[in-house]
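The values are calculated or read from the model by the stated rules, or taken from the named source; none is laboratory data. Being a predicted model, the structure only gives us computed values, none of them experimental. When we count neighbours, we look across all protein chains shown, and the Cβ atoms used for this are built from the backbone with ideal geometry, even at glycine.
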Amino acid sequence: MTTPGGMLLVLAVLVPFVAVMAGLVLGGRNAERVALATVAAGLVIVFEIARSLRASSEPVVYLLGGWAPPLGVALRADGLSVVMMLAVGVVIAGVAVYARGDFGTPTGVRETRASLTFWSLLMAAWGALNLVFVSGDVFTLYVALELLTFAGVPLVCLDGRSETLRAALRYLLFALLGSMVYLLGVFLLYGGYGTLDIAMLGERVGASPLTWTAAALMTAGLLAKTALFPLHLWLPPAHAGAPAAASAVLSALVIKGSWFLVVRLWLDVFPGIVTWSATQWLAGLGVAAILVGNIVALRQARLKLLIAYSTVAQIGYLFLMFPLAAGARAAHVDDTAAVTGGMLQAISHATAKAAMFMAAGLIYSTLGHDRVADLRGAGRALPMTILAFALAGASLIGLPPSGGFLAKWLLISAALSTAQWWWALAMLVGGLLTSVYVFIVVMHAMAPPDVGWAPKRTVPGYQQGAVMALALCSFLLGAVAMFPLDLPRAGRPHVAWVAP
Amino acid sequence: MNEMWLGYCAAGLIGIGLYGLIVNPQPLHKILAFNIIGTGVFLVCAVVARRGAALGMGGDPIPQALLITAIVVAFAASAVAVALLVRLFEVEGRTTLDEEDASTRTDRDGRGA
């Protein structure tokens, strides 16, 4: 049952971890070189997996040891996995290019702690994310989730200050509680149905208190890790305190790992037992996140905290796809619009938020601070970066032709076609609130500097280029509507959602 | 029949751990509470293994394998948490997750938070 190209799945997971070990062994400046080489190799692997999936209509499968489920472990990559792996690969590449400036080992020094740690953690996070996307059973997903947490938490406290250490510890405690609750759900599912494989569970689960409990536990645990309102309290200090490149990885990618798990569970394992009110509740939390996150972001004095609260809000959008997909299935129509809209929202947010955090890092280097009210002069010193920030903001607001626009278009059309107009209203209000703080930041940055002001540091051109490249990825993502690409649906069965 | 009592014990452990995690302000107490929750969850897995006993074996081997993996993962997680805590103590001289007074948090450059 191992499909040709299945070995690529193993490589996609193994190559980053081999890079971590090679970087630790070789040490010094070589950790950065190994990481950059791995970024190139990993991108090639992910593109090959995408090609392999396009060539066949079945998901790419690899059976570990040749043993089939339920006794064996399968790695499975369908359209959702491949789309996320491509997005993660592109963002990691952009962050790696940018981080050469911040975390490159300076000449004359053999090795610095921050540099070695950052490159190792970047590769570890990438490997963990790939494992999240290709895991075929819920326990491997638990292991992948923990790997992602272990890679993400030290990224928060790379500079060693006590505030970031506290933020990292708080993040770790939230994440550990979330994974313990998730694990309890996994054990209950095994106890009830005798298998952990996602495809087999999807066939076997039936509506019962055991399944509802397991679904609720797993979802709650994953919501704690995804920082959905009201479990978002750990996110702003953690993401704002981390160095810019680390914030980009945390906000853009690590959050998406646990979110992808919710998608995998609700679309593949629990579609038959998730009730209408459960999806409404989940998206209701999403709307609360959008409102609370955006409104608190408006009141922030510091740019990085503003962007972190913007992440809290954008996470809410990711959960709006669930009632829309459920509604489409209940009406026995194709749920492509909702699922593709959710995926596009995740990808455009990942690229846009990474660009925004990296732009904030460049602004901090140039101005020496990141107070929003005193950003004047940043536009004069960093024109390309401020433009990139504006483009990324446009994607978050949902202006055409950005990916955010296409995602909201798909979600709003799904909302209107399933007669759930309230989600469309929430998205529009959220877009309006987002536009307010994006405009505030850009307007302050475009103001002329004080007389005699000089930038504290000239940032290298390639860092600005990396920020611009990611922002353009997000801004031009709406162009995928022109291609008859149906990648998110590739290799996925069309499950009929039956009202319980 | 014994498994049911073990299941109740597991539920009790998880409850005690959750209470400790939420109520205790000290980070070390939170880490210990997380471990107690972990013990409860692992006990649930062991009950699942016992109830699946067949073919003359004492218990279903798959949950036992899951259990060992999960114990190792939770141990590594505790190690990371304790390492962070030790480093926080070295840097600050005290271990608390509370931030300072919000009104006095920002310095002249607006840094803090």
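Side notes on the structure shown:
- Region A:441-453, subset modelled with pLDDT of 85 or more and assigned to a loop (DSSP other than H, G, I, E, B), residue surrounded by the most Cβ atoms within 10 Å (Cβ to Cβ): A:Pro449
- Only one of the listed residues (A:Thr105, A:Thr117) is assigned to a helix (DSSP H, G or I) and surrounded by fewer than 23 Cβ atoms within 10 Å (Cβ to Cβ). That residue is A:Thr117.
- Qualifying position, being out of contact with any His (no Cβ under 6 Å at 6 or more places or on another chain), part of a helix (DSSP H, G or I) and crowded, with 23+ Cβ neighbours inside 10 Å, among A:Ala407, A:Ala469: A:Ala407
- Against the list (1) within 21 Å of the chain's Cα centre (by Cα); (2) outside any helix (DSSP H, G or I), the condition A:Pro70 fails is (1).
- Taking the criterion of being closer than 22 Å to A:Tyr142 by Cα and either assigned to a loop (DSSP other than H, G, I, E, B) or more than 9 Å from every other protein chain (Cβ to nearest Cβ) (or both), the residues of region B:14-32 that qualify are B:Gly15, B:Leu32.
- Looking at A:Leu86, A:Leu80, just one residue is surrounded by 24 or more Cβ atoms within 10 Å (Cβ to Cβ) and away from every other protein chain (no Cβ under 14 Å), and that residue is A:Leu80.
- Note on region A:410-439: among residues that are crowded, with 17+ Cβ neighbours inside 10 Å and more than 19 Å from A:Ala289 (Cα to Cα), the one that is nearest to the chain's Cα centre (by Cα) is A:Leu410.
- Number of positions in region B:34-61 that are within 9 Å of chain A (Cβ to nearest Cβ) and under 25 Å from B:Thr95 (Cα atoms): 3
- Checked against the criterion of being surrounded by fewer than 19 Cβ atoms within 10 Å (Cβ to Cβ) and either in contact with a His (Cβ under 7 Å, 6 or more places away or on another chain) or among the aliphatic types (A, V, I, L, M) (or both), the candidates B:Ala49, B:Ala11, B:Ala33 yield just one match: B:Ala11.
- Candidates in region A:291-331 are the residues that are among the β-branched types (Val, Ile, Thr) and either closer than 24 Å to A:Val156 by Cα or within 14 Å of chain B (Cβ to nearest Cβ) (or both); of these, the one that is surrounded by the most Cβ atoms within 10 Å (Cβ to Cβ) is A:Ile307.
- Residues of region A:359-399 that turn out to be touching a strand residue (DSSP E or B) at 6+ places or on another chain (Cβ under 8 Å) and part of a helix (DSSP H, G or I), as a count: 1
- Residue in region A:119-142 that is without any contact (Cβ under 8 Å) to a residue 60 or more places away in the chain, out of contact with any Lys or Arg (no Cβ under 8 Å at 6 or more places or on another chain) and within 11 Å of chain B (Cβ to nearest Cβ) present: yes
- Of all residues in region A:160-185, those that are at positive phi have Cβ atoms under 9 Å from Cβ atoms of residues that are assigned to a helix (DSSP H, G or I) and surrounded by fewer than 23 Cβ atoms within 10 Å (Cβ to Cβ), 6 or more apart or on another chain, in A:Gly160/A:Arg113; A:Gly160/A:Ala114; A:Gly160/B:Arg87; A:Gly160/B:Val91.
- Qualifying residue in region A:33-48 (condition: closer than 29 Å to A:Leu362 by Cβ, over 21 Å from the mean Cα position of the chain (by Cα) and either surrounded by 19 or more Cβ atoms within 10 Å (Cβ to Cβ) or of a type in the set (Phe, Trp, Tyr) (or both)): yes
- Hits in region A:330-355 (condition: more than 14 Å from the chain's Cα centre (by Cα) and part of a helix (DSSP H, G or I)): A:Ala330, A:Thr336, A:Ala337, A:Ala338, A:Val339, A:Thr340, A:Gly341
- Some residue of region B:89-101 being surrounded by 18 or more Cβ atoms within 10 Å (Cβ to Cβ) and at pLDDT 90 or above: no
- Among the conditions (1) of a type outside the set (Asp, Glu); (2) farther than 30 Å from A:His332 by Cβ; (3) modelled with pLDDT of 90 or more; (4) surrounded by fewer than 17 Cβ atoms within 10 Å (Cβ to Cβ), A:Lys456 misses just one, which is (3).
- Among residues of region A:472-500, those that are at pLDDT 90 or above and buried (at least 22 other Cβ atoms within 10 Å of the Cβ), counted: 3
- The helices (runs of 4 or more DSSP H) found entirely in region A:176-250 that carry 1 or more residues being under 18 Å from the mean Cα position of the chain (by Cα) and more than 11 Å from chain B (Cβ to nearest Cβ) are A:209-226, A:235-241, A:244-249.
- Members of region A:149-167 that are facing chain B (nearest Cβ under 7 Å) and within 18 Å of A:Ser258 (Cα to Cα): A:Phe150, A:Val153
- Looking across region A:352-374, the residues that are surrounded by fewer than 24 Cβ atoms within 10 Å (Cβ to Cβ) and either free of Cβ contacts under 8 Å to residues at least 40 places away in the same chain or within 14 Å of chain B (Cβ to nearest Cβ) (or both) come down to A:Tyr364, A:Leu367, A:Gly368, A:His369, A:Arg371, A:Val372, A:Ala373, A:Asp374.
- Single residue of B:Ala11, B:Ala74 found to be small (Gly, Ala, Ser), within 9 Å of chain A (Cβ to nearest Cβ), under 19 Å from A:Phe187 (Cβ atoms) and part of a helix (DSSP H, G or I): B:Ala74
- Between A:Ser52, A:Ser56, the distinction of being among the small types (Gly, Ala, Ser), touching a residue at least 24 places away in the same chain (Cβ under 8 Å) and out of contact with any strand residue (DSSP E or B) (no Cβ under 7 Å at 6 or more places or on another chain) belongs to A:Ser56 only.
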